[in-house]
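Structure, as structure tokens:
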Amino acid sequence: MEQNQNIISYSRVIHLSHIIDRDIPQWPGDPLVEFATVANISQDGYYLRRFSLGEHSATHINAPNSFHVHGVGIDQYSAESLVLPGVVIDICEAAAFNADYVLTLADVFAWEQKNGKIPVGSLVMLHTGWQDKWLDKTAFFNPDAEGIMHFPGFGYDATQFLVEERQISGLGIDTHGVDSGENTNFSINRLVLAQQGIILENLTNLQQLPAKGMTVIIGVLRLRDGSGCPAGVLALVP
């Protein structure tokens, strides 16, 4: 009898998505988060709301067509691509000292020296500590007098190494962008999405995860030709 090689065992399940509310931090120019009641129990016998928000609001996933003209939409991601092993690299100490810090090759090698080689197909999540600033929009985006945002992200060399040499499936981060605030070219997004990889932004609870060994499940709204969508992300921790 053939054994099932896709068994997942876990002891804890962790929400990696923020609660969506009207006052969450929003990228400049993004649509407002809106809720409107369309039915209530006293009058209609049931409660129902309409909601509206941008495809890149709250904890969300980006699709290739958000940066590549001929890229696919979020509806084209296979179910299998949305369940993947996760690793967490912690740069909180460096990011607390330098808000513009980006993940380096040295950081990746230091992680591997301690935890072993990053497995093929992994989602690499960067814990910067920025999730703790979520309720303070100014601190979360950290703009200077010229309006340039300052928050940490992935460095290009490290990302290129992870994509090409470790064959990862994607990136996740607890800031509003895998690209650092200063990176207005979105080069990290472009690099990963060119391979139809996974990009998750505005993650939370990364401090509750081990460095490796968890399984990440990404729930997407299969919006036709969507440039991305708010995502319900869960981590199954051994």
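Tabulated data
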read-out: Simple spin-label estimate for N98 and D21 in nanometres, 7 Å along Cα-Cβ; value: 3.5 nm
read-out: Least to most buried among V220, V124 (fewest other Cβ within 10 Å first); value: V220, V124
read-out: Sequence-distant lysines (8 or more away, or on other chains) whose Cα lies within less than 26 Å of K137; value: none
read-out: Given the chain, longest segment not containing exposed loop GluC sites (Glu not before Pro) (DSSP; at most 13 other Cβ within 10 Å); value: 3-145
read-out: Reachable lysines, given that their alpha-carbon falls under 27 Å from the alpha-carbon of K212 and they are not under 8 places away in the same chain; value: K114, K117, K133
read-out: Estimated 222 nm signal from helices in the chain, with DSSP H stretches of n ≥ 4 weighted -39500 (n - 2.57), rounded to 500; value: -4500 deg cm²/dmol
read-out: Efficiency of FRET from Cβ geometry, V38 and I7, R₀ 41 Å, rounded to 0.05; value: 0.45
read-out: Order of H70, H56, H150, H127 - criterion: other Cβ atoms within 10 Å of each residue's Cβ, fewest first; value: H70, H150, H127, H56
read-out: Kirkwood-based shape ratio for the range 115-238, expressed as Rg/Rh from alpha carbons; value: 0.96
read-out: Cβ-based exposure ranking for D225, D107, in which fewest neighbours within 10 Å come first; value: D225, D107
read-out: The chain - Rg and Dmax from Cα coordinates, angstrom; value: 18.3, 66
read-out: Value of D in µm² per second that Stokes-Einstein yields for the range 55-144, Kirkwood Rh from Cα pairs, at 25 °C (0.890 mPa s); value: 155 µm²/s
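Since every read-out is calculated from the coordinates, none of them should be taken as a lab result. Model, not experiment: these values are computed from the prediction. Virtual Cβ from ideal backbone geometry, glycine too; neighbours counted across all protein chains shown.
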